[in-house]
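One structure is given here, and the rest of the page talks about it.
The values are calculated or read from the model by the stated rules, or taken from the named source; none is laboratory data. These figures come from a predicted structure and were not determined experimentally. In this analysis, Cβ positions are derived from the backbone assuming ideal geometry, glycine residues included, and neighbour counts consider all displayed protein chains. For the accessible areas, the whole protein counts, side chains as well, though only heavy atoms, and no ligand, DNA or RNA atoms are used. Shrake-Rupley method; radii C 1.70, N 1.55, O 1.52, S 1.80 Å.
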Amino acid sequence: MNLLDDSEVRRLLAGVPQWRREGDEIRRTVTAPDFPTAIRVVDEIAVEAEKLNHHPDIDIRWRTLHLALTTHDAGGLTGADFTLAARIDEIAAAHGG
Ligand SMILES: C[C@H](O)[C@H](O)[C@H]1CNC2=NC(N)=NC(=O)C2=N1
């Protein structure tokens, strides 16, 4: 997977407006209605991440999930980060996040 340049990152970010670039990562928060739902969201994200072999950093704080994506093997942002970001957005939307 090749590193994206700044213009490609900006273009792809437009497609996942809940996400913000922070250096070599893109980040978003997901707020679930309650803690069990937050954990269900994490579980569904885990299934998608495993399918893609691309895994987010997840900080779980009660109903709020802080998610960060980067491609460790490439040392920055690649297409895989945005593919998973879009899947995370679908999961979050399905759980009111
Ligand atoms: C060996 C395994 O395929 C690699 O370590 C995968 C696993 N999941 C990964 N997840 C992320 N976010 N970045 C990677 O570079 C990555 N590499």
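Here are a few things to note about the model shown:
- When the range 10-23 is filtered for residues that are exposed (fewer than 14 other Cβ atoms within 10 Å of the Cβ) and assigned to a helix (DSSP H, G or I), the ones remaining, listed by number, are Arg10, Arg11.
- If you go through the range 56-77 and keep only what is within 8 Å of the ligand (Cβ to nearest atom) and surrounded by 15 or more Cβ atoms within 10 Å (Cβ to Cβ), you end up with Pro56, Leu69, Thr70, Thr71, Ala74.
Residues checked against (1) more than 21 Å from Ala94 (Cα to Cα); (2) in contact (Cβ under 8 Å) with a residue 24 or more places away in the chain:
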{"residue": "Leu3", "(1), (2)": "yes, yes"}
{"residue": "Arg11", "(1), (2)": "yes, no"}
{"residue": "Ala14", "(1), (2)": "no, no"}
{"residue": "Arg28", "(1), (2)": "no, yes"}
{"residue": "Glu44", "(1), (2)": "no, yes"}
{"residue": "Thr78", "(1), (2)": "yes, yes"}
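- Which numbered condition Glu48 fails, given (1) within 15 Å of the ligand (Cβ to nearest atom); (2) modelled with pLDDT under 95: (2)
- Residues satisfying the stated conditions in the range 24-45, i.e. open to solvent by 50 Å² or more (accessible area, probe 1.4 Å) and either modelled with pLDDT under 95 or closer than 18 Å to Thr83 by Cα (or both): Asp24, Arg27, Thr29, Asp43, Glu44
- If only residues of the range 54-97 that are over 11 Å from the mean Cα position of the chain (by Cα) and in a helix (DSSP H, G or I) are counted, the one that is nearest to Thr29 (Cα to Cα) is Ala93.
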